[in-house]
Amino acid sequence: LWGVYAVHHFPHELNIDVFYLGNKRDRAPFSNGVAQETRHSVGGRLWHVDSRLNWDVEMAYQFGKFANGDIHAWGVSSRIVYSLSSRGLRPKVSLNAGLNSGDRSAGPDN
């Protein structure tokens with residue numbers, strides 16, 4: 001496993017993360033067999049934090065090979081959290097959403 005991760009802080013509590021992760025396994029077990037696998041993931045996250053409102057949006061793309069097959073996958077997720085009070089127990093309301101790609105196989109994991 002190898003990779004790099006960087007964070008940059010902008011004014012007004014806005015931040016960005018970017019990353020690359022790589023992974024190689026000689027014997028990776030999956031439902032369709034055991035084979036050599038090499039994966040690369042690239043992505044980023046934009047996020048904001050303050051005393052009342054926190055949010056982030058993250059996106060990633062993954063590519064590589066498993067045996068003779070190509071790997072292409074992506075995902076997007078987001079989260080919004082609002083603090084109802086800045087005193088006492090500080091209850092929060094949160095909305096989370098995510099969308100991820102799948103494979104195109106006709107097998108049981110489709």
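The values are calculated or read from the model by the stated rules, or taken from the named source; none is laboratory data. In this text the structure is predicted, and so the values were computed from the model without any measurement. Neighbour counts are summed over all protein chains in view; Cβ atoms, including those assigned to glycine, are modelled from backbone coordinates with ideal geometry. Protein only, heavy atoms only, side chains kept; ligands, DNA and RNA dropped before computing areas. Shrake-Rupley method; radii C 1.70, N 1.55, O 1.52, S 1.80 Å.
Just name the residue that is most open to solvent (accessible area, probe 1.4 Å) out of those in region 37-61 that are of a type in the set (Gly, Ala, Ser) and modelled with pLDDT of 95 or more. Among residues in region 37-61 that are of a type in the set (Gly, Ala, Ser) and modelled with pLDDT of 95 or more, the one most open to solvent (accessible area, probe 1.4 Å) is Ala60. The set of residues in region 62-76 being exposed (fewer than 14 other Cβ atoms within 10 Å of the Cβ) and either touching an Asp or Glu at 6+ places or on another chain (Cβ under 6 Å) or at positive phi (or both) consists of Ala67 alone.
Among the residues in region 56-76, are any over 26 Å from Ile16 (Cβ atoms) and among the acidic types (Asp, Glu)? Scanning region 56-76 turns up at least one residue that is over 26 Å from Ile16 (Cβ atoms) and among the acidic types (Asp, Glu). Only one of the numbered conditions (1) under 23 Å from Asn100 (Cα atoms); (2) open to solvent by 90 Å² or more (accessible area, probe 1.4 Å) is violated by Glu13, and that is (1).
Restricting to region 77-91, and then to whatever is of a type in the set (A, V, I, L, M, F, W, C) and loosely packed, with under 15 Cβ neighbours inside 10 Å, can you tell me which residue is nearest to Ala6 (Cα to Cα)? Can you show your working first?
Step one: filter region 77-91 for residues of a type in the set (A, V, I, L, M, F, W, C), giving 80-81, 84, 89.
Keeping just the survivors that are loosely packed, with under 15 Cβ neighbours inside 10 Å gives 84, 89.
Working: Leu84: 32, Leu89: 34 Å.
Result: Leu84.
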